[in-house]
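Reading through the structure tokens given below for one structure.
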Amino acid sequence: MTLLPADKVASPSQALPFWLSLGTVPAALLGMAWGGPWVLLLPAYCWGLFSALDALLGLNTENADPGTDEGDLYLYRILTMLWFPVQFTLLCIFLWYVPRSDLGPWETIGMTFGIGVMTGTIGINYSHELMHQKPKIERWLGDLLLASVLYSHFRTEHLKVHHLYVGTPRDAVTARYNEGFHRFFPRVVRETRRSAFRAEKAMLARKGLPWWHRSNPYWRYWALQAGFLALAAALGGWQGLALFVGQAAVATWQLELVNYVEHYGLTRRHLGEGRYEHALPRHSWNAAHKATNWLLINLQRHSDHHYKPDRRFPLLQNYDADEAPQLPYGYPVMTVAAMVPPVWRRFMNPRVRAWRRQFYPDITDWKPYNKAQNPMPKGAP
């Protein structure tokens, strides 16, 4: 893998492209002010613009020095920490302005969809970066971003279930081979809520504590979500509450679309008696598309994220095809394809079969893996 010199990692020229996420701010404000087709500026910006830039700019397979000092990453950290106040301000304007505006029903729906695309594409993604970090302020900002889309349990599910059990039957988020997104989505929304609570309950039980103990983070999750619902009602009444819930639903859909893409069909080898091989770069789809990695702060370098979960986003490494499976396009294109299962299967099923031949040529019966029928991992809650 090619390493960039460490002294270039935090330079303005390297950090600036990641700040393009702030382009959603004028897109949101113009959509609310001008109405009409302008309400679709946010999805056009997040999906269309960066897909076009990917086609023009191609791939970025270079890697920053993973040993870069934390202090040299301040420009990247500022971006992720700044996002909550930016998103919070836009949400408040949206919830206050739209109920009082002249926007018609379809314009209101379009604007709500656009805000949800923003809070899901960028807000949840930034919360994902923040929840993996050690400083309390970053973890709190991550919690606030998740509460603003009513998906606080994602922190527990992601850290205490997904990262431990990815590619096994215990991980609901690992999309099964031939499982269409429209079956995956209701299943994962239902199962992850139960799974996250069960994980926290089991952790407390190991300490001899009941689930209602004050150390259960669910008290914080519920309080923050209730606070956002109250704020939405205060700013926009019942319509504000409906707008808030609507954008949260769209954001959830965006998150789970990405989750679907990230691990579709990739499973860890069952070693017998509920034991599985360690999670490796091969168990996540990798994408090196330059522009979308700017927007998503290198989320597409997902193989390395699972290998080193606490590695900050500018230091995530790209893997070649001999180490990790590669997506043919960036996430915006792939998530659109996921919405049309025949198109998705045409794109991805041959790639999953090629991955199996490459990494697991000795496995002849894939049915238990396809249906998540292998034994639960040993000791999983």
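The values are calculated or read from the model by the stated rules, or taken from the named source; none is laboratory data. Quantities reported herein were computed from a predicted structural model and do not represent experimental measurements. Cβ atoms come from the backbone with ideal geometry, glycine included; neighbour counts cover every protein chain shown. Keep in mind that these areas ignore ligands, DNA and RNA; they rest on the heavy atoms of the full protein, side chains included. Shrake-Rupley method; radii C 1.70, N 1.55, O 1.52, S 1.80 Å.
What the Cβ-Cβ distance of Leu30 and Arg183 gives, at R0 = 41 Å and to the nearest 0.05, is a FRET efficiency of 0.65. Charge tally around Asn259: other residues with Cβ under 11 Å, Lys/Arg +1 each, Asp/Glu -1 each, net -4.
Note on the stretch 305-344 and the stretch 83-127: Cα centroid distance 27 Å, given to the nearest whole angstrom.
What does the highest-first list of 264-276, 110-122 look like by mean Cβ count within 10 Å?
Highest to lowest by the protection proxy: 110-122, 264-276.
Within the assembled protein chains, the solvent-accessible surface assigned to Ile363 is about 30 Å², based on a 1.4 Å probe.
The stretch 350-377 and the stretch 54-68 have Cα centres lying 30 Å from one another.
Net charge in the neighbourhood of Pro210 (other residues with Cβ under 13 Å of its Cβ; Lys, Arg +1, Asp, Glu -1) is +3.
When the residues Ser101, Ser148 are ordered by accessible surface, computed with a 1.4 Å probe over the protein chains alone, the sequence from largest down reads Ser101, Ser148. Computed from backbone phi, the HN-Hα couplings of the stretch 96-111 come to 7, 6, 4, x, 9, 8, 8, 5, x, x, 6, 5, 5, 5, x, 5 Hz, rounded to whole numbers (Karplus: 6.51 cos²θ - 1.76 cosθ + 1.60, θ = phi - 60°; Gly and Pro given as x). Based on DSSP H segments of at least four residues, each scored -39500 (n - 2.57), the chain has a per-residue ellipticity at 222 nm of -16500 deg cm²/dmol. Separation of the alpha carbons by more than 28 angstrom is noted, of Lys308/Lys367; Lys207/Lys371; Lys201/Lys378, for Lys308/Lys367; Lys207/Lys371. Expressed as a whole percentage, what fraction of the accessible surface of the stretch 227-368 belongs to carbon and sulfur atoms when a 1.4 Å probe is rolled over the protein heavy atoms? Heavy-atom surface of the stretch 227-368 belonging to carbon and sulfur, 1.4 Å probe: 59 percent.
Accessible surface computed residue by residue for the chain, with neighbouring protein chains in place and a 1.4 Å probe, gives 43 Å² per residue.
Separation of the stretch 201-232 from the stretch 243-298 is 26 Å, based on Cα centroids.
Only protein atoms count toward the accessible area here, which uses a 1.4 Å probe; on the stretch 85-200, the carbon and sulfur part of that area reaches 64 percent.
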